[in-house]
Amino acid sequence: MYKVFIDGSEGTTGLRIFERFEKRDDIELIKISSELRKDPDERRRMFEKADIAFLCLPDVAAIESAELAKDADVKLIDTSTAHRTADGWAYGFPELSPEHRNAIINGSRIAVPGCHASGFQAIVYPLIKSGIIAEDYPLAATSITGYSGGGKKMIAEYEGEDRNDELSSPRLYGLTQEHKHLKEMKHVCSLKNPPMFLPYVADYYSGMLVTIPLVRDFMKTKLSVEKLREFYKEYYDGNKMLRVSEAEGGFMGSNNMTGIDTMEIFVQGNDERITVSARFDNLGKGASGAAIQCMNLMLGADESKTLQI
């Protein structure tokens with residue numbers, strides 16, 4: 001029986017992780033009393049008791065928690081932005097490469113990828129690693145997400161009775177091209193420049209669709225739609241939490257994976273102008289599902305245990 005502490009179980013990700021443990025018979029949750037959840041001494045004691053701790057906190061608080069846990073024999077899984085490019089922290093996306101998977105299995109400090117970044121990395125990392133596009137390729141990404149990604153405040157805003165009519169339409173944000181996920185997008189994929197990034201939030205609860213356009217003439221290895229689809233199938237072969245699907249006709253929804261913890265990759269367009277899309281649940285593979293997957297790997301369990309595939 002493994003002892004697990006969730007530091008920050010009041011937020012959306014923490015609550016989803018907590019709910020998933022209700023079906024586990026190999027986990028004992030260590031709970032902190034509500035009046036002491038911000039007390040550093042009590043949190044330090046929780047880390048000392050736990051085998052694994054999830055940090056479901058804002059960045060500053062996550063850094064503080066990692067410091068509180070530095071002398072404890074506990075494995076940390078951080079769902080914040082704080083440690084995604086930090087030395088000593090493994091990036092929690094095992095499908096990217098055998099090296100990423102092994103770093104999670106053997107690691108004690110894991111940074112769970114950002115939701116938008118997860119779709120971006122799934123598409124771009126293999127292209128860079130395999131030399132299909134150059135590190136200075138002028139990448140752009142469009143991503144649409146459900147409003148749950150904005151946390152409790154945004155959820156309340158969208159679900160309020162007297163909400164603004166503007167919320168009924170998709171809304172572009174990150175207008176200054178300084179979105180917090182850009183740093184990890186650039187770092188993990190070894191890009192020379194961050195991509196142009198256009199994130200939208202829309203009037204549905206959860207689900208995400210990240211799309212990246214590729215111009216064949218600008219690619220180092222000029223592949224057709226079919227050849228590029230075959231490339232992704234081969235690259236991700238054997239990964240149960242990520243699959244490459246056939247093209248969809250007409251329209252492509254962004255909430256089809258709500259409640260599912262896997263990711264789909266689609267290659268579409270034509271042989272001159274190709275689009276590659278990643279579709280998943282921003283609360284699943286984009287957050288709590290990815291965190292649980294990392295924990296399963298660290299414990300030597302089936303990586304999909306208690307996840308929806």
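The values are calculated or read from the model by the stated rules, or taken from the named source; none is laboratory data. All values reported here derive from a predicted model rather than from experimental measurement. Virtual Cβ from ideal backbone geometry, glycine too; neighbours counted across all protein chains shown.
Residues in the range 232-287 that are in a loop (DSSP other than H, G, I, E, B) and aliphatic (A, V, I, L, M) were compared, and the one that is farthest from the chain's Cα centre (by Cα) is Ala247.
Table: residues versus (1) modelled with pLDDT under 95; (2) within 17 Å of Asp281 (Cα to Cα); (3) surrounded by fewer than 17 Cβ atoms within 10 Å (Cβ to Cβ); (4) out of contact with any Asp or Glu (no Cβ under 8 Å at 6 or more places or on another chain).
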position	(1), (2), (3), (4)
Pro113	no, yes, no, no
Pro138	no, no, yes, yes
Lys153	yes, no, yes, yes
Tyr158	no, no, no, no
Lys183	no, no, yes, yes
Leu198	no, no, no, yes
Ser206	no, yes, no, no
Val215	no, no, yes, no
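The residues of the range 80-107 that are among the charged types (D, E, K, R) and either surrounded by 15 or more Cβ atoms within 10 Å (Cβ to Cβ) or within 19 Å of Ala287 (Cα to Cα) (or both), listed by number, are Arg84, Glu95, Arg101. Of everything listed in (1) closer than 30 Å to Phe5 by Cα; (2) in contact (Cβ under 8 Å) with a residue 40 or more places away in the chain, the single unmet condition for Val210 is (1). Flag not set for Gly131, criterion: in a helix (DSSP H, G or I), outside the structural domain of Ala90 (by TED's automatic domain parsing) and either over 22 Å from Leu57 (Cβ atoms) or not acidic (Asp, Glu) (or both). Pick from the range 27-67 the residues that are more than 24 Å from Lys152 (Cβ to Cβ) and hydrophobic (A, V, I, L, M, F, W, C): which of them is surrounded by the most Cβ atoms within 10 Å (Cβ to Cβ)? The selected residue is Ala50. Does the range 79-87 contain any residue that is farther than 18 Å from Ala290 by Cα, free of Cβ contacts under 8 Å to residues at least 60 places away in the same chain, more than 18 Å from the chain's Cα centre (by Cα) and assigned by TED's automatic domain parsing to the domain that holds Met295? Scanning the range 79-87 turns up at least one residue that is farther than 18 Å from Ala290 by Cα, free of Cβ contacts under 8 Å to residues at least 60 places away in the same chain, more than 18 Å from the chain's Cα centre (by Cα) and assigned by TED's automatic domain parsing to the domain that holds Met295. Using the structure shown, decide if Leu297 is surrounded by fewer than 23 Cβ atoms within 10 Å (Cβ to Cβ), assigned to a loop (DSSP other than H, G, I, E, B) and either assigned by TED's automatic domain parsing to the domain that holds Ile132 or modelled with pLDDT of 95 or more (or both). No; evaluated as a whole, the condition is false for this residue. Beta carbons closer than 7 Å, at least 6 apart along the sequence or on distinct chains, pair a first residue in the range 167-180 that is in the same structural domain as Ala156 (by TED's automatic domain parsing) with a second that is hydroxyl-bearing (Ser, Thr, Tyr) and surrounded by 11 or more Cβ atoms within 10 Å (Cβ to Cβ) for Leu167/Tyr158; Pro170/Tyr200; Arg171/Tyr200; Leu172/Tyr200; Lys180/Thr81.
Checking Ile155, Ile144 one by one, the residue that is touching a strand residue (DSSP E or B) at 6+ places or on another chain (Cβ under 6 Å) and among the hydrophobic types (A, V, I, L, M, F, W, C) is Ile144 and no other.
Selection of first residues in the range 227-246 that are in the same structural domain as Asp261 (by TED's automatic domain parsing) and of second residues that are small (Gly, Ala, Ser) and at pLDDT 95 or above, restricted to Cβ pairs under 8 Å at least 6 apart or on distinct chains, gives the following pairs, ordered by first then second residue: Phe231/Ser130; Tyr235/Ser130; Lys240/Ser304; Met241/Ser304; Leu242/Ala122. Could you grab me the full set of residues in the range 270-290 that are surrounded by fewer than 24 Cβ atoms within 10 Å (Cβ to Cβ) and of a type outside the set (S, T, N, Q)? Of everything in the range 270-290, those that are surrounded by fewer than 24 Cβ atoms within 10 Å (Cβ to Cβ) and of a type outside the set (S, T, N, Q) turn out to be Asp271, Glu272, Arg273, Ile274.
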